[in-house]
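Everything on this sheet refers to the single structure shown next.
Taken together, the values in this text are just the output of simple stated rules run on the coordinates, not laboratory data. Quantities reported herein were computed from a predicted structural model and do not represent experimental measurements. Counting neighbours? That spans all protein chains shown, and the Cβs are built from the backbone with ideal geometry, glycine included.
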Amino acid sequence: MSVLKVVIKVGGSLMNHPYQLREILKIISDIAEQRKVLIVPGGAYFANRIRELHSRKYLSDSAAHWLAIRCMDLSGSLMADMQPSWSLYSGIDAFKRWADGESFIIQPYELLKSHDRLPHSWDVTSDSISLWMGIQGEADAVLILKSISPFMKWWSVIQSETDAVRPESLKGDFYVLNGLRPENLSEIINKQSQ
């Protein structure tokens, strides 16, 4: 099976490792020469500050939800600055542009605001948003890059996050990869192509 449409979520924790993050973005650029790639940025430490404010009762659930998604937009801007070959896109027609063959880093705020179907809680993370985008955009694969142990199938972990996004709705495969070992990304993509 040849992977045509791929969602790659680049975890915010990888911002703490700029060398590896640049390498990841370069590898994804190479993948995008043959695939339609949608990069979903994590919220990074920006979202953690929002979580802290919310825990102190400074923000409502909805305000915290939308501000955390704005943090994903900010992380996307930082990634695009690190790898200028990547363009940013924030429009509500992102799935159409992706289906038409464009690869880009999505700033998800506008798209999610126009499709406000996810709960406004911390159960909805950038990981579950990435899976939701894969389901909505009919991705062949969703890959989540984090600072974790080596790659594995991740069906059970995402189910504990939220009932709003179910991995069985994804038509393709779902993986979590160790972003500190970016060679895993190419390995998974190559396996998918066989």
Subject >> segment 5-193 - charge dipole about Cα centre, Lys and Arg +1 at Cβ, Asp and Glu -1, debye rounded to 20 >> reply: 260
Original post:
What are the ³J(HN,Hα) values, in whole Hz, obtained from phi via the Karplus relation 6.51 cos²θ - 1.76 cosθ + 1.60 with θ = phi - 60°, for each residue of segment 53-68 in sequence order, with x given for Gly and Pro?
Top reply: 4, 5, 5, 8, 6, 7, 10, 6, 4, 5, 4, 4, 4, 6, 5, 5
Original post:
In nm, to one decimal, how far is the Glu102 label point from the Leu53 one, both placed 7 Å along Cα→Cβ?
Top reply: 3.0
**OP:** Name the shape class, rounded, prolate or oblate, that the alpha-carbon gyration tensor gives for segment 49-109, where a ≥ b ≥ c are the square roots of its eigenvalues, rounded holds for a/c under 1.5, and otherwise prolate holds if a/b is larger than b/c and oblate otherwise.
**Re:** oblate
Original post:
Contour minus end-to-end for Lys191 and Ser85, with contour as 0.36 nm per residue of separation and end-to-end as the Cα-Cα distance?
Top reply: 35.6 nm
**OP:** Count the lysine pairs in the chain whose Cα atoms sit under 20 Å apart, keeping only pairs 8 or more residues apart in sequence or on different chains.
**Re:** 26
**OP:** When a/c is below 1.5 the answer is rounded, else prolate if a/b is larger than b/c, else oblate, so apply that to segment 5-193 with a ≥ b ≥ c taken from the square roots of the Cα gyration tensor eigenvalues.
**Re:** rounded
Original post:
Using the alpha-carbon atoms, what tilt in degrees (0 to 90, nearest 10) does helix 18-32 show relative to the longest principal axis of the chain?
Top reply: 60
**OP:** Give me the number: length gained by fully extending Ser147 to Glu33, i.e. 0.36 nm times residue separation minus the C-alpha to C-alpha distance, one decimal in nm.
**Re:** 38.5 nm
Original post:
Per residue of the chain, what 222 nm ellipticity follows from adding -39500 (n - 2.57) for every DSSP H run with n ≥ 4, rounded to the nearest 500?
Top reply: -14000 deg cm²/dmol
